[in-house]
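A short worksheet on the structure shown next.
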Amino acid sequence: MDFSIFIGGQAGEGIKRGSMLIGKVFNRYGYHVFIMNDYGSLIRGGTDYTEIRVSSKEIHTSYNRFDYMFAFHMDVFEKYKGMTKENCFTLTSNDFPYDDIIKEAQAEPFMKPSIVLGVLSYMLNIPENFVEDVIEDDLKKNAPQNIELFRVGYKLAEEKGFKPIHLLKGDKTPKPLLYGNDAIGLGAVRAGLKVYAAYPITPSTTLLEFLAKNADKLGIVALQLEDEIAAINLAIGSAYAGVPSMVGTSGAGLDLMGETISLAGATETPIVILDVMRVGPSTGAPTYTEQSDLNLALNIGHGEFPRIVLAPGDVEEAFEVTAKALQFAWWYQTPVIILSDKHISESARTTDLPFSNNYPMMVKTYDKELDGTYHRYKITPDGISPYAPPSMPDVVVHVNSTEHTEEGYSSSLPETLTKMKEKRVRKMKTIEDDFKLMRFINVFGEGSVAVVSFGSPKGAILEAIENLGIKFVQVVSLEPFPTDAVLEELKGVKKIISVEQNSFGQFADLFERKTGLKIDKRILKYDGRPFSPWALRSMFEEVLK
Amino acid sequence: MNLATDRKIQWCPGCGNFGIYNALKSVLEKAIDEKRVKQENIVLVSGIGCYGYITNYYHLNSFHTIHGRVPPLLTGIKLANPELIPIGFVGDGDAFAEGMSHTIHIARRNSNAKLILHNNSVYGLTTGQFTPTSPKGFKSKSTPFGNPENPINPVTLMLVSQATFVARGFSGDIKHLQYIFDEMLKHRGFAFVEVLQPCVTFNNTYQFYKERVYKLEETDYKPDNFNIALQKSLEWGEKIPVGIFYKSELPTYEDLVLRGLDLFYDRSVIDLKDIVNEFI
């Protein structure tokens, strides 16, 4: 059982929120759920839709073809009618009185999805009281009116003689239905995050909202500043003062943070920077997905300094990668960039997060007996100096953006520059050596043809390679690049296919440069929409021929 | 108590920075000696300019940061550990060119931090260009035909930005500066102090200011009325007022944002399961 439901309408018709409610129903009914939101940069009007994909087996992405289509207006139907599967059940505003039902119930347009839930529940034979319990639980004080709409939808579907099938209750235990950004926030808190600072920018804003809403429960502050520059500089201040800090933004906001990322590298301040990639260049298509900030993340900030760039491939990894990013930032005392994208951050998936994992905050602490007088930039074999926050008696912490002595005093003497640059090179080597042990790739399947990729295409690739005899190597750490691990996994592989969502092939270029291997086929997608597993599968089959 | 470090101070002889450095040094030394503040809790933050090296010369925690970004750093430090006393130094370029918005925003947030403006109305470190506080018509290396822009009045700007402590001093009068810095240190909330200072090499205003400044405390002026303060801040010409223009006490940004949270010491592990349950 694997089907996709399309709910389309205008901004303001509750499609995103309503889809979460419907997703919750299927989740509790024992099914895996994936929700993908396709919306424009508008507050009212437009042609938005959400796909709710429901399956009895684990699913990793949206299907982008539909079995059920509910369209609140004809323009959204016209726009997407080509994406229906054969025998798709379609219910447009021409066939069904969505607006009249809302008017009669004196309800609000954003409650329309509850009517859809009624029709669906009738057609799939899901017990009414089961669904009503979920609505009550999910919408709390707004539940009564939505339950009323649900009942109208259910009854009307029955009256109109829609053909029901019996969807048996699934056997999957319900899991949290989380957006990628929620998982990122939870992962950060799991690793000790205390300060999150940001300026609203799609598609990272929902993380700021999630953390702000839950700030008290999480014991953190989530702050909106005057711009991205203020956000990251505030976080640099709080990190310097000893508190785990993170900022989140998207493309253009990352550009603005560039100068301060270089500052973090020079001053060796632990900071995590999340970039939720969207379509660029410039304002681009802000609500659509792309992976075109890879080169930026690898190179942002003038001068040379150690950095780590990590890219999760799905909601679950978003949790883990973020937690690890905080650990790395503090252990190595350098900026760590997380590359998510709209398709991970603003899609929801039933996910079990590894809450039992521990991500302790490990810091090379200052020991007076061992280290003597505190020197912020003490020269050490691994390039990492003992860390101390201000507020320790008899410890003076001089942090300096100008090149500095071990004590942290400004100096541009040639021997100082050499010493400090070599310290940071050693730190970079330490990171590279440690990362070799951690590997930071995920490997799936076996075969003489291999797919290589990073980030959100993971989901579509996993579904596309099923039973094809293809190996999939997902790179999680882009910097340092896990060259040895990748070469080891690709030994004996005859053909390599790269998959990424941009027009230049930034990942493919990086891969070739780092491994010396040649990619035989580059699959690039740059229309802002996520990969479809079936489309990718036929491209893979082409290569296998 | 001597807060000096072994670094050799590298400013031009007669630079206005010496006055600011020495005045603050003696105020802080006294405060530490009298156990009003703990030495380890003071954190100095400086931006970019000749003055920026000032953090090298105090035996105190410091962060010599990039141009214009001092204010958000101060707020981050205070939020992370409210026991800390963040004191920022900015130049007229930091405060009103590169970092103008941050200067306004930290004031309207009433973040519990201090900000000292080294205002010499010229870019010294880049050897003599005009700044946002240079007078109109000011001839500099980048404005050979005279500055076409109107200058910013820092005191007026900070008043309308709702700073809760606004003062002005003159680097040529260390005793008076000490008084202002001491009051600044006592203030709970955002404290802004403009210091008029000469750049002996590119814009020597020493004589200009010396002849014009007069102290508000020596008049019947009281710094408790916003409208009068605003009016007073506009006085600039034959006579230039120095002293405390305005002072009021209001809840700080940190009070409102932290709501009792302790980010620095409280590291208890949060049970995320409770939060995630609502997503099932």
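Only one of these conditions is not met by A:P354: (1) of a type outside the set (D, E, K, R); (2) out of contact with any helix residue (DSSP H, G or I) (no Cβ under 8 Å at 6 or more places or on another chain); (3) under 30 Å from B:F279 (Cβ atoms). Which number is it?
Every condition holds for A:P354 apart from (2).
Could you count how many residues in the range A:267-284 are in a strand (DSSP E or B) and out of contact with any helix residue (DSSP H, G or I) (no Cβ under 6 Å at 6 or more places or on another chain)?
So the count comes out to 4.
Go through (1) within 10 Å of chain B (Cβ to nearest Cβ); (2) of a type outside the set (A, V, I, L, M, F, W, C); (3) under 23 Å from the mean Cα position of the chain (by Cα); (4) within 28 Å of A:S411 (Cβ to Cβ) and name the single condition A:G258 misses.
(1)
Is at least one residue of the range A:261-277 of a type in the set (D, E, K, R) and in contact (Cβ under 8 Å) with a residue 12 or more places away in the chain?
Among the residues of the range A:261-277, at least one is of a type in the set (D, E, K, R) and in contact (Cβ under 8 Å) with a residue 12 or more places away in the chain, which makes the answer yes.
Give A:L478, A:L437, A:L417, A:L462 a once-over and let me know the one that is surrounded by fewer than 21 Cβ atoms within 10 Å (Cβ to Cβ), farther than 20 Å from A:L263 by Cβ and away from every other protein chain (no Cβ under 14 Å).
Criteria check complete, one pass: A:L437.
Any residue in the range B:238-250 that is closer than 30 Å to B:N81 by Cβ and loosely packed, with under 15 Cβ neighbours inside 10 Å?
Yes, some residue in the range B:238-250 is closer than 30 Å to B:N81 by Cβ and loosely packed, with under 15 Cβ neighbours inside 10 Å.
Here is a yes/no grid of residues against (1) of a type outside the set (S, T, Y); (2) closer than 19 Å to A:P306 by Cβ; (3) outside any strand (DSSP E or B); (4) at pLDDT below 95:
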| position | (1), (2), (3), (4) |
| --- | --- |
| A:E422 | yes, yes, yes, no |
| A:I431 | yes, yes, yes, no |
| A:F435 | yes, yes, yes, no |
| A:E446 | yes, no, yes, no |
| A:I497 | yes, no, no, no |
| A:D509 | yes, no, yes, no |
| A:R513 | yes, yes, yes, no |
| A:K518 | yes, no, yes, no |
| A:D527 | yes, no, yes, no |
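Of the residues B:G16, B:G99, only one is in contact with a helix residue (DSSP H, G or I) (Cβ under 9 Å, 6 or more places away or on another chain), of a type outside the set (A, V, I, L, M, F, W, C) and more than 9 Å from chain A (Cβ to nearest Cβ); which?
B:G16
When only residues in the range A:1-58 that are acidic (D, E) and over 21 Å from the mean Cα position of the chain (by Cα) count, which is surrounded by the most Cβ atoms within 10 Å (Cβ to Cβ)?
Result: A:E13.
Looking only at the range B:251-272, how many residues end up being loosely packed, with under 11 Cβ neighbours inside 10 Å and within 8 Å of chain A (Cβ to nearest Cβ)?
Total meeting the criteria: 3.
Name the pairs whose Cβ atoms lie under 9 Å apart, with the first residue in the range A:115-129 and free of Cβ contacts under 8 Å to residues at least 40 places away in the same chain and farther than 16 Å from A:L149 by Cβ, the second of a type in the set (S, T, N, Q) and buried (at least 24 other Cβ atoms within 10 Å of the Cβ), and 6 or more positions between them or separate chains?
Sorted first by the residue in the range A:115-129, then by its partner, the pairs are A:P127/A:S121.
Tally the residues that are hydrophobic (A, V, I, L, M, F, W, C) and part of a loop (DSSP other than H, G, I, E, B), restricting the search to the range B:235-280.
Total satisfying the criteria: 8.
Residues A:S391, A:S356, A:S410, A:S453: which one is free of Cβ contacts under 8 Å to residues at least 24 places away in the same chain, buried (at least 18 other Cβ atoms within 10 Å of the Cβ) and small (G, A, S)?
Answer to the selection: A:S410.
Mind telling me which of the residues A:K140, A:K175 ends up being modelled with pLDDT under 95 and within 14 Å of another protein chain (Cβ to nearest Cβ)?
A:K140
Could you please tell me which pairs satisfy a Cβ distance under 8 Å, a separation of 6+ or placement on different chains, a first residue in the range A:213-229 that is within 8 Å of chain B (Cβ to nearest Cβ) and free of Cβ contacts under 8 Å to residues at least 40 places away in the same chain, and a second residue that is of a type in the set (V, I, T) and in a loop (DSSP other than H, G, I, E, B)?
Filtered contacts from the range A:213-229: A:K217/B:I270; A:L218/B:I270; A:G219/B:I270.
On the phi < 0 side of the Ramachandran plot, within 12 Å of chain B (Cβ to nearest Cβ) and modelled with pLDDT of 95 or more: is that true of A:P389 in this structure?
When the stated conditions are applied, A:P389 passes them.
Suppose we keep only residues that are assigned to a helix (DSSP H, G or I) and of a type in the set (A, V, I, L, M) within the range B:209-234. Which one would you say is farthest from the chain's Cα centre (by Cα)?
This residue is B:I228.
What number goes with the only condition from (1) more than 14 Å from chain B (Cβ to nearest Cβ); (2) surrounded by 21 or more Cβ atoms within 10 Å (Cβ to Cβ); (3) outside any helix (DSSP H, G or I) that A:K169 does not pass?
Here A:K169 meets the rest and fails (2).
Which residue pairs have Cβ atoms under 6 Å apart, sit 6 or more places apart or on different chains, and have a first residue in the range B:18-43 that is at negative phi and surrounded by fewer than 20 Cβ atoms within 10 Å (Cβ to Cβ) and a second that is of a type in the set (G, A, S) and assigned to a helix (DSSP H, G or I)?
Between residues of the range B:18-43 that are at negative phi and surrounded by fewer than 20 Cβ atoms within 10 Å (Cβ to Cβ) and residues that are of a type in the set (G, A, S) and assigned to a helix (DSSP H, G or I), the close pairs are B:V37/B:A31.
Scan (1) closer than 28 Å to A:P381 by Cα; (2) more than 14 Å from chain B (Cβ to nearest Cβ); (3) assigned to a loop (DSSP other than H, G, I, E, B); (4) not small (G, A, S) for the single condition A:E406 breaks and write down its number.
The failed condition is (2).
Hey, among A:T380, A:T373, which residue is over 30 Å from A:E320 (Cα atoms) and either within 14 Å of another protein chain (Cβ to nearest Cβ) or not aromatic (F, W, Y) (or both)?
Testing whether each residue is over 30 Å from A:E320 (Cα atoms) and either within 14 Å of another protein chain (Cβ to nearest Cβ) or not aromatic (F, W, Y) (or both) leaves just A:T373.
In the list A:S340, A:S292, A:S347, which residue meets the criterion of being crowded, with 24+ Cβ neighbours inside 10 Å, touching a Ser or Thr at 6+ places or on another chain (Cβ under 9 Å) and under 30 Å from A:T267 (Cα atoms)?
A:S340
Just need a number here: residues in the range B:59-86 that are crowded, with 24+ Cβ neighbours inside 10 Å and outside any loop (DSSP other than H, G, I, E, B).
So the count comes out to 16.
Out of A:E290, A:E320, A:E316, report the one residue that is of a type in the set (D, E, K, R), in contact (Cβ under 8 Å) with a residue 24 or more places away in the chain and farther than 30 Å from B:D274 by Cα.
A:E290
I want to confirm something. Restricting to the range B:24-65 and keeping residues that are among the small types (G, A, S) and out of contact with any strand residue (DSSP E or B) (no Cβ under 8 Å at 6 or more places or on another chain), which single residue is farthest from the other protein chains (Cβ to nearest Cβ)?
Among them, the one singled out is B:S26.
The values are calculated or read from the model by the stated rules, or taken from the named source; none is laboratory data. Quantities reported herein were computed from a predicted structural model and do not represent experimental measurements. Here the Cβ is made from the backbone with ideal geometry for all residues, glycine too, and neighbour counts use every protein chain on show.
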